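Coordinate-derived values only; no laboratory data. Not measured: the values here are computed from a predicted model. Cβ placement follows ideal geometry from the backbone for every residue including glycine, while neighbour counts extend to all protein chains displayed.
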Amino acid sequence: MKRVRKAVFPAAGLGTRFLPATKAQPKEMLPIVDKPIIQYGVEEALAAGCDQIIIITGRGKTAIEDHFDVSYELEKMLEERGKTELLSVVHQISDMIHVAYVRQKEALGLGHAVLMARELVGNEPFAVLLADDVIDAPVPCLKQMMDVYEETGGSVLATQKVSGPAISAYGVLDATLMDHARFGGRLYQVSNLVEKPKLEEAPSDLAIIGRYILTPAIFEMLEGTPLGAGGELQLTDGIRMLLSREKIYGYCFDGKRHDAGDKLGFLKATVEFALKRPGLGGEFRSYLKSLEL
Ligand code: G1P
């Protein structure tokens with residue numbers, strides 16, 4: 001079985017939910033405390049064992065490329081001023097990964113974005129991470145999924161229960177909980193999946209969260225997938241087609257997911273990460289307590 005080495009980050013979206021902040025800046029670069037959203041995802045992919053990052057970008061996204069590149073002037077300045085700690089923070093970012101970029105010329109949907117990575121991924125399993133979903137977990141979410149992949153050999157979708165009408169914002173699984181020695185209670189066998197169903201049409205409360213491990217057969221499926229919800233080529237629809245060929249698993253990961261693509265979710269993530277940050281959390285906690293809410 002081939003190891004999962006490559007992680008794809010679709011990042012061509014326009015970020016309209018964060019206008020005007022995203023007018024001249026990619027939403028993936030909005031910081032939670034002091035780190036851009038996308039870096040949380042990249043660090044997770046590396047921690048899970050991926051060593052190649054593929055970022056699907058579009059117009060106005062060059063800040064992402066600059067972020068993961070060497071900033072010679074900045075490093076020189078920090079060195080001259082003896083700011084060694086900051087220097088290593090900055091240097092680590094460019095040092096950490098091999099990144100390739102593909103431009104998605106038109107925003108035709110998540111499935112289309114993933115299809116853009118076909119040549120770079122080739123014939124091997126790969127991960128997809130949606131940077132908006134920032135996941136705080138004892139074991140990185142993608143690493144948990146890698147363990148499932150290594151044991152099952154099938155595609156693995158991250159899932160979490162979402163109750164009520166909020167389910168309509170997600171891809172939703174029709175799935176059966178498996179009786180599995182190692183992953184029991186968390187592992188599902190998927191029998192169908194639907195993108196953004198109405199509440200009354202949702203097959204379950206199991207929402208797809210933005211972490212996927214996919215076998216390369218998905219590319220062929222996506223090529224033949226008709227446009228779906230919102231007139232876009234949906235990854236969920238491509239994965240449903242893959243079901244006719246391969247087993248697909250849902251994994252209810254251990255961890256807390258923040259929807260950093262949403263204003264309230266972004267604020268919650270900011271508060272929770274700041275509270276946990278050494279050298280910042282204590283004072284921030286006192287400040288929050290002092291607020292008359
Ligand atoms: C995408 C997927 C959806 C998934 C969600 C997770 O939707 O299409 O299936 O549940 O990410 O965050 P988006 O949030 O991009 O509309």
Residues with amide H under 5 Å from that of S155, placed H, sequence gap 5 or more: T215, Y249
Peptides 206-216, 26-36 ordered by average Cβ neighbours within 10 Å, highest first: 206-216, 26-36
Shape parameters for segment 108-187, alpha-carbon atoms, Rg then Dmax in Å: 14.6, 41
Computed FRET value (nearest 0.05) for A137 with K198, which takes r as the C-beta separation and R₀ as 25 Å: 0.25
In Å, descending, principal axis extents of the Cα set of segment 65-211: 61, 40, 35
Gain in span if fully extended, L108 to Y287, counting 0.36 nm per residue against the direct Cα distance: 60.0 nm
222 nm mean residue ellipticity, helices alone, for the chain (DSSP H n ≥ 4; -39,500 (n - 2.57); rounded to 500): -9500 deg cm²/dmol
Dmax and Rg, reported as Rg then Dmax, of segment 131-276 (C-alpha, Å): 15.3, 46
Derived scalar couplings ³J(HN,Hα) [segment 181-197; Karplus, 6.51 cos²θ - 1.76 cosθ + 1.60; whole Hz; x for Gly, Pro]: 4, 8, 10, x, x, 10, 9, 10, 9, 8, 10, 6, 8, 10, 8, 6, x
Ratio of Rg to Rh over segment 18-113 (Cα coordinates, Kirkwood Rh, two decimals): 1.00
Residues S191 and E79, FRET efficiency given R0 of 51 Å [Cβ-Cβ distance, rounded to 0.05]: 0.35
Contact order normalised by residue count of segment 134-293, Cα under 8 Å, 6+ apart, percent: 29
23 Å Cα-Cα threshold exceeded, pairs from K35/K61; K196/K263; K61/K143; K2/K247; K6/K143; K268/K289: K61/K143
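Looking at the chain, what % of its DSSP beta bridges pair antiparallel, to the nearest 5?
Of all bridge pairs located within the chain, approximately 60 percent are antiparallel.
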By average C-beta atoms within 10 angstrom, highest first, the peptides 57-64, 161-168: 57-64, 161-168
Mean Cα-pair separation over length for the chain, i.e. relative contact order, pairs under 8 Å, 6 or more apart, %: 22
Part-to-part distance (alpha-carbon centres) for segment 54-90 and segment 142-163, which is given in Å: 32
Amide H partners (placed H, <5 Å) of I32, local residues excluded: I37
For segment 145-200, the Rg and Dmax computed from alpha carbons only, in angstrom: 12.5, 35
Extension gain, D66 back to E124 (0.36 nm per residue minus Cα-Cα distance, nm): 18.1 nm
Per-residue HN-Hα couplings for segment 216-226 [Karplus 6.51, -1.76, 1.60; θ = phi - 60°; Hz; x = Gly/Pro]: x, 4, 4, 5, 4, 4, 4, 4, x, 7, x
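Stokes-Einstein D for the chain at 37 °C, 0.692 mPa s, Kirkwood Rh over Cα pairs, in µm²/s?
164
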